[in-house]
Amino acid sequence: MPDRVCGIDVAPKLVEQLLPPGKSIDAGTSLTGPDDTQRCAVMIDDNTAVEITGQRYPDVRGVKDIALNYLKVPADDLGQTNADGSVMVWDSRIVGVTECAGYPTDGAGRNTNWYSITIKASYPDNAKARQDALEHLLPPYLRGAARALGC
């Protein structure tokens, strides 16, 4: 199991739950960079197992705003949100947002104040187990990615 996923340090046990059996693993390249949106995939035997997207924003009003206005999720398809509105989870996807005042501007020159991570996975087959695994991975991964970005 990798201890770095898409260039971000992560406890192997948190990733392991989302990876199907296979012979080879590619833990992806760096998720941080100058573009507003960074994408990375973890591959098992040349098949995508986990997709991760990092996104910087000039202003958002929590994860619901990201889901509706940036991810274009229909209002009737929104996932479950945590109490402070910083995490939304579905069966196979989770989105978390955090403040990112340390990164000066986005690609359009606007001040960026927020950063989100979206993680998608289709394994394990059991939706509850997959959702639990996503909920365990997101908080430390989001903190690590935000720190690597300079938030």
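The values are calculated or read from the model by the stated rules, or taken from the named source; none is laboratory data. Remember, predicted model here, so these are calculated numbers, not experimental data. Every residue, glycine among them, receives a Cβ derived from its backbone with ideal geometry; neighbour counts consider all protein chains shown. The protein model used for the area step is the full one, side chains on, heavy atoms only, and it has no ligands, DNA or RNA in it. Shrake-Rupley method; radii C 1.70, N 1.55, O 1.52, S 1.80 Å.
Restricting Lys72, Lys64 to residues that are part of a helix (DSSP H, G or I) and either of a type outside the set (Asp, Glu) or touching a residue at least 24 places away in the same chain (Cβ under 8 Å) (or both) narrows the list to Lys64.
Applying a threshold of 6 Å to beta carbon distances and a minimum spacing of six or more residues, or different chains, the list of pairs starting in the range 1-21 at a residue that is at pLDDT below 95 and ending at one that is open to solvent by 30 Å² or more (accessible area, probe 1.4 Å) and among the polar types (S, T, N, Q) reads Gly7/Ser30. Taken over the range 114-151, residues that are small (Gly, Ala, Ser), within 18 Å of Cys40 (Cα to Cα) and assigned to a helix (DSSP H, G or I) amount to 4. Cβ-Cβ contacts under 6 Å between residues 6 or more apart (or on different chains), taken from a first residue in the range 102-129 that is within 29 Å of Val15 (Cβ to Cβ) to a second residue that is assigned to a strand (DSSP E or B) and of a type in the set (Phe, Trp, Tyr), are listed as Trp114/Tyr57. Taking the range 42-69 as the range and being buried (at least 17 other Cβ atoms within 10 Å of the Cβ), at pLDDT 85 or above and among the hydrophobic types (A, V, I, L, M, F, W, C) as the test, the residues that pass are Val42, Ile44, Ala49, Val50, Ile52, Val63, Ile66, Ala67.
As a summary of the residue check, Gly28 satisfies the conditions (1) in a loop (DSSP other than H, G, I, E, B); (2) open to solvent by less than 80 Å² (accessible area, probe 1.4 Å); (3) farther than 17 Å from Leu138 by Cβ except for the one numbered (3). In the set (1) within 19 Å of Ala145 (Cα to Cα); (2) within 13 Å of the chain's Cα centre (by Cα), the condition left unmet by Ala67 is number (1).
Suppose we keep only residues that are under 16 Å from Glu51 (Cβ atoms) and small (Gly, Ala, Ser) within the range 80-104. Which one would you say is surrounded by the most Cβ atoms within 10 Å (Cβ to Cβ)? Residue satisfying both the conditions and the ranking: Gly96. Selection of the range 105-132 for residues being among the aliphatic types (A, V, I, L, M), buried (at least 17 other Cβ atoms within 10 Å of the Cβ) and more than 16 Å from Thr81 (Cα to Cα) yields only Ala121.
Restricting attention to the range 77-126, the residues that are closer than 30 Å to Pro20 by Cβ and either more than 15 Å from the chain's Cα centre (by Cα) or not charged (D, E, K, R) (or both) add up to 28.
Looking only at the range 136-149, how many residues end up being open to solvent by less than 80 Å² (accessible area, probe 1.4 Å) and more than 16 Å from Thr37 (Cβ to Cβ)? Working first, answer last.
As a first pass, look at the range 136-149 and keep what is open to solvent by less than 80 Å² (accessible area, probe 1.4 Å): 137-142, 144-146, 148-149.
Next, from what is left, pick out any that are more than 16 Å from Thr37 (Cβ to Cβ): 137-141, 144.
Residues flagged as open to solvent by less than 80 Å² (accessible area, probe 1.4 Å) and more than 16 Å from Thr37 (Cβ to Cβ) within the range 136-149 amount to 6.
If you check Thr105, Thr112, Thr118 for being among the polar types (S, T, N, Q) and at pLDDT 95 or above, only one passes: Thr118. Number of residues in the range 6-25 that are outside any loop (DSSP other than H, G, I, E, B) and under 17 Å from Pro124 (Cβ atoms): the value is 6.
For the range 32-61, filtering for residues that are in contact with a Cys (Cβ under 7 Å, 6 or more places away or on another chain) and not in a strand (DSSP E or B) leaves 0.
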